[in-house]
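This report refers to the structure that appears directly beneath it.
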Ligand code: NAD
């Protein structure tokens, strides 16, 4: 099959590489010319495990190509995937500018039947807007060519994106035309072999499914953070509570880890956008508002603990910060809790020595050179001369550090663990003052 993908970011590149991997011919289009020229040279601009090898192999075999010429993209694929960003607008609703601009490009250039596939996360009703945009662009040039618009939201997780795409738990397709449905079923057949994962539905339900999934996951996180905040106040241990409730199969263990809040390019914006969609249709989404409010406060909970420890005086203090990416195995720092922690520390007059296994360049891009932020090469270097260690992202390499080195390097041995990765009993034995989430401080 010939496939064009508009948008060569996390979703577009992974989708392109995986479709090429199973034998399709894929052309990835992006308006960012620098990105395209790097991709043409085999340089993958994002960190995603396994992506570089897969993309380079398929590019060498000629099945994966890149262009910044949108007309070439429209001419190429029967399937025209839209995988561009849908960032939050000023009021929190999804900004559809990029999606509709691709729709216009397709309508302005198409010469034959095309299946336009919305893979970006877009509010209910967007497929209709895409369709109108394509139609009006064709009308402007006085042509009328058949096309279908399909919703195919993406559920991959950054850090596991390749395996999520190759072995998806479900493939959601919102489609009205039965013939198009069969073409999509065939397109996805290589990823749908062991059991039926292809779930076809109407377009609006598919669009809402993506938001509902992300809102549910964000709700689990905020719920557990709320329980953690209660646990701290009543003298309970949230990790025991987590164990206790997770063993109920109706609840389960996944996504009930307390921490410093959710971040990333999806949950924050998607919860907000769904809330705005509800408002637009006359519904007040109170659970979603609470999920956001809890998350907003949770991101500063670690800094509040530091203020409590240092007698509300963080001015002049240096904090070693481990973990900048919004979660392990990615370099993505969009809406990362680390950013809020760093910015709150600066506001309180503290400075930061930060280390992350892969997000250092991204941090440099975001913050540049500043006297109150040292981006260092190793986790140990971050500790040098610092007054405390804050763990913000639960990278595996932070799980079992040399605590003697931590004790030696910090001016006083105190750890603020935003991910509950250390054992409070061990910290006590080692003589480290230990703050975590939803557990009584030790030491
Ligand atoms: P991204 O910001 O990494 O990439 C978007 C790309 O689109 C950029 O390279 C940008 O230059 C390009 N672009 C913008 N306008 C364009 C145009 N007119 N033509 C061609 N390219 C254009 O975004 P992402 O993280 O890949 O997310 C894309 C969409 O997928 C969003 O709607 C997002 O919510 C959704 N999504 C993301 C994830 C994730 O984990 N990142 C998971 C599922 C769904």
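With 251, 221, 245, 227 as the choices, which residue is farther than 30 Å from residue 117 by Cα and within 16 Å of the ligand (Cβ to nearest atom)? So that I can check it myself, show each step before the final result.
Working: 251 fails: within 16 Å of the ligand (Cβ to nearest atom); 245 fails: within 16 Å of the ligand (Cβ to nearest atom); 227 fails: within 16 Å of the ligand (Cβ to nearest atom).
Only one candidate passes the filter, namely 221.
Would you check if residue 275 is touching a helix residue (DSSP H, G or I) at 6+ places or on another chain (Cβ under 6 Å), assigned to a helix (DSSP H, G or I) and either free of Cβ contacts under 8 Å to residues at least 40 places away in the same chain or more than 15 Å from residue 335 (Cβ to Cβ) (or both)?
yes
Can you tell which of 17, 103 is within 13 Å of the ligand (Cβ to nearest atom), in contact (Cβ under 8 Å) with a residue 24 or more places away in the chain, in a helix (DSSP H, G or I) and farther than 30 Å from residue 138 by Cβ?
Just one listed residue meets the conditions, 17.
Hey, among the residues in the stretch 20-42 that are touching a helix residue (DSSP H, G or I) at 6+ places or on another chain (Cβ under 7 Å) and farther than 21 Å from residue 105 by Cβ, which one's farthest from the ligand (Cβ to nearest atom)?
Checked the stretch 20-42; the qualifying residue farthest from the ligand (Cβ to nearest atom) is 22.
Hey, residue 49 hits all of (1) more than 9 Å from the ligand (Cβ to nearest atom); (2) under 22 Å from residue 167 (Cβ atoms); (3) crowded, with 19+ Cβ neighbours inside 10 Å but one; which does it fall short on?
Status for residue 49: all satisfied but (3).
Can you find a residue in the stretch 53-72 that is away from the ligand (no atom under 14 Å from the Cβ), under 28 Å from residue 138 (Cα atoms) and surrounded by fewer than 16 Cβ atoms within 10 Å (Cβ to Cβ)?
No, the stretch 53-72 contains no residue that is away from the ligand (no atom under 14 Å from the Cβ), under 28 Å from residue 138 (Cα atoms) and surrounded by fewer than 16 Cβ atoms within 10 Å (Cβ to Cβ).
Out of the residues in the stretch 1-14 meeting the condition of being part of a loop (DSSP other than H, G, I, E, B) and either within 17 Å of residue 265 (Cβ to Cβ) or modelled with pLDDT under 95 (or both), tell me which one is farthest from the ligand (Cβ to nearest atom).
Only one residue fits best here, namely 8.
Any idea which of (1) touching a strand residue (DSSP E or B) at 6+ places or on another chain (Cβ under 7 Å); (2) in a helix (DSSP H, G or I) is the one residue 240 doesn't satisfy?
Among (1) touching a strand residue (DSSP E or B) at 6+ places or on another chain (Cβ under 7 Å); (2) in a helix (DSSP H, G or I), residue 240 violates only (1).
Exactly one of these conditions fails for residue 115: (1) touching a residue at least 40 places away in the same chain (Cβ under 8 Å); (2) more than 11 Å from the ligand (Cβ to nearest atom); (3) part of a loop (DSSP other than H, G, I, E, B). Give me its number.
(3)
With respect to the numbered conditions (1) surrounded by fewer than 20 Cβ atoms within 10 Å (Cβ to Cβ); (2) out of contact with any strand residue (DSSP E or B) (no Cβ under 9 Å at 6 or more places or on another chain); (3) at negative phi, which one is the sole condition not fulfilled by residue 340?
(1)
Here is a check on your reading of the model: is residue 160 touching a residue at least 24 places away in the same chain (Cβ under 8 Å) and either buried (at least 17 other Cβ atoms within 10 Å of the Cβ) or farther than 19 Å from residue 86 by Cβ (or both)?
yes
Would it be correct to say that residue 299 is more than 29 Å from the chain's Cα centre (by Cα) and touching a residue at least 40 places away in the same chain (Cβ under 8 Å)?
Values: more than 29 Å from the chain's Cα centre (by Cα): no; touching a residue at least 40 places away in the same chain (Cβ under 8 Å): yes.
Answer is no for this residue.
Scan the stretch 277-297 and give yes if some residue there is closer than 28 Å to residue 414 by Cα and exposed (fewer than 14 other Cβ atoms within 10 Å of the Cβ), otherwise no.
Yes, there is a match, as at least one residue in the stretch 277-297 is closer than 28 Å to residue 414 by Cα and exposed (fewer than 14 other Cβ atoms within 10 Å of the Cβ).
Do the conditions hold for residue 80, that is, is it more than 9 Å from the ligand (Cβ to nearest atom) and without any contact (Cβ under 8 Å) to a residue 12 or more places away in the chain?
Numbers: more than 9 Å from the ligand (Cβ to nearest atom): yes; without any contact (Cβ under 8 Å) to a residue 12 or more places away in the chain: no.
No; evaluated as a whole, the condition is false for this residue.
Name every residue in the stretch 58-77 that is part of a helix (DSSP H, G or I), out of contact with any helix residue (DSSP H, G or I) (no Cβ under 6 Å at 6 or more places or on another chain) and in contact (Cβ under 8 Å) with a residue 12 or more places away in the chain, in order of residue number.
So the first thing to find is which residues in the stretch 58-77 are part of a helix (DSSP H, G or I), and the list is 58-60, 70-76.
Then drop every residue that is not out of contact with any helix residue (DSSP H, G or I) (no Cβ under 6 Å at 6 or more places or on another chain), which leaves 59-60, 72-73, 75-76.
Of everything in the stretch 58-77, those that are part of a helix (DSSP H, G or I), out of contact with any helix residue (DSSP H, G or I) (no Cβ under 6 Å at 6 or more places or on another chain) and in contact (Cβ under 8 Å) with a residue 12 or more places away in the chain turn out to be 59, 72, 73, 75, 76.
Tell me the helices (runs of 4 or more DSSP H) entirely within the stretch 125-192 that contain at least 1 residues that are closer than 25 Å to residue 101 by Cβ and more than 13 Å from the ligand (Cβ to nearest atom).
Counting at least 1 such residues, we get 126-140, 178-188.
Just the residues that are out of contact with any helix residue (DSSP H, G or I) (no Cβ under 7 Å at 6 or more places or on another chain) and either buried (at least 18 other Cβ atoms within 10 Å of the Cβ) or closer than 27 Å to residue 146 by Cβ (or both), please, taken from the stretch 191-216.
Those that are out of contact with any helix residue (DSSP H, G or I) (no Cβ under 7 Å at 6 or more places or on another chain) and either buried (at least 18 other Cβ atoms within 10 Å of the Cβ) or closer than 27 Å to residue 146 by Cβ (or both): 192, 199, 201, 202, 204, 205, 206, 208, 209, 210.
The values are calculated or read from the model by the stated rules, or taken from the named source; none is laboratory data. From a predicted model like this one, the values you see are computed outputs, not experimental measurements. A quick note on method: Cβ atoms are made from the backbone with ideal geometry, for glycine too, and the neighbour counts reach across all protein chains shown.
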